[in-house]
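Working notes, beginning with the structure itself.
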Amino acid sequence: MKTFQVPVGISNRHIHLSEEHIGILFGAGHQLTRTKDLSQPGQFACEETVTLVGPKGSMPGVRVLGPARKATQVELAATDTFKIGVKPPVRDSGDIAGSPGLEVVGPAGKVQVEAGTIIAARHIHMTPEDAEKYGVKDGDHVKVQVNGPRAGVFERVLIRVSPNYALDMHVDTDEGNAFGLRNGDLLDVIVG
């Protein structure tokens, strides 16, 4: 059994917007305002926030992440879903077909997103060089050991490989809190 270490990044609720929806929510021609670079190259947190509206309530202050994407995607932790009354599936990022929609409200307008709300599946980003070095490939699943007072094992962690990625594991706030994790903690990945 082979192991290697990966830093963890804990993702809070957020939204990725299409160019069309950026224009509707923030005004025609609006450009997202970068406030902080994220762990993946070219990805950033924005100054802009929106309000999500579901069948049971609303959630203001949801951070927009950039750059714009082909389709709008909302990523929530399971705990968030109870407040607004949606039941999204656990999915890989980008796999939004058949997922529930909701209303997104910005300062200049609102949009009804028909599909696009998910709980993101835990995953590890890496480059092709990392994948070769660690003996994994895109689409593989591995286990990740967490040590410490809330020790445990993450099962079925998806490997995502691209030359545009940096080595990092992403979990949501529910998972991070359950294991007592902090951003940057090093975890042991178990291959095989």
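Structural remarks
- Tensor-based shape of the range 3-98 (alpha-carbon gyration tensor, a/c under 1.5 rounded, otherwise prolate or oblate): oblate
- Counted charge near Val104, where neighbours are those whose Cβ lies closer than 15 Å (Asp, Glu -1; Lys, Arg +1): -3
- Highest-fluctuation residue, Val153, Val53, Val86 considered, GNM on the chain with Cα pairs under 10 Å: Val153
- DSSP-loop trypsin sites (Lys or Arg not before Pro) across the range 26-109, with at most 14 other Cβ within 10 angstrom: Lys56, Lys70
- Computed E for Ile190/Ala108 - FRET, C-beta separation, R0 41 angstrom, nearest 0.05: 0.30
- 28 Å Cα-Cα reach of Lys143 towards lysines, excluding residues that sit fewer than 8 places from it in its own chain: Lys2, Lys87, Lys133
- If the segment from Ala115 to Val153 were pulled out straight at 0.36 nm per residue, it would be longer than the present Cα-Cα gap by 10.5 nm.
- Residues within the reach of a label modelled at Thr35 (point 7 angstrom out along Cα to beta-carbon, backbone nitrogen below 19 Å), restricted to the range 109-146, are 109.
- Cα centroid of the range 48-84 to Cα centroid of the range 108-175, whole Å: 19
- For the chain, a Gaussian network of Cα nodes joined below 10 Å ranks Gly23, Gly135, Gly94 by mean-square fluctuation, and the top entry is Gly135.
- With the convex hull drawn around the C-alpha atoms of the chain, the volume per residue stands at 112 Å³.
- Rounded to 5, the percent of DSSP beta bridges in the chain classed as antiparallel: 70
- Between Met59, Met169, Met126, the Gaussian network model of the chain with springs among Cα atoms under 10 angstrom shows the greatest mean-square fluctuation at Met59.
- Per residue of the chain, the DSSP helices (runs of n ≥ 4 H) give a summed -39500 (n - 2.57) that works out to -3500 deg cm²/dmol at 222 nm.
- Restriction of the trypsin sites (Lys or Arg not before Pro) in the range 125-192 to DSSP coil positions whose beta-carbon has at most 13 other beta-carbons within 10 angstrom yields Lys137, Arg150, Arg182.
- Reachable aspartates and glutamates from Lys110, criterion Cα separation under 15 angstrom, eight or more residues apart if same chain: Glu19, Glu20, Glu48
Only the coordinates and a few stated rules stand behind these numbers; no lab work does. Just so we're clear, the structure is a prediction, and the values are computed from it rather than from any experiment. Methodologically, a virtual Cβ is constructed for each residue, glycine included, from the backbone with ideal geometry; neighbour enumeration extends over all protein chains shown.
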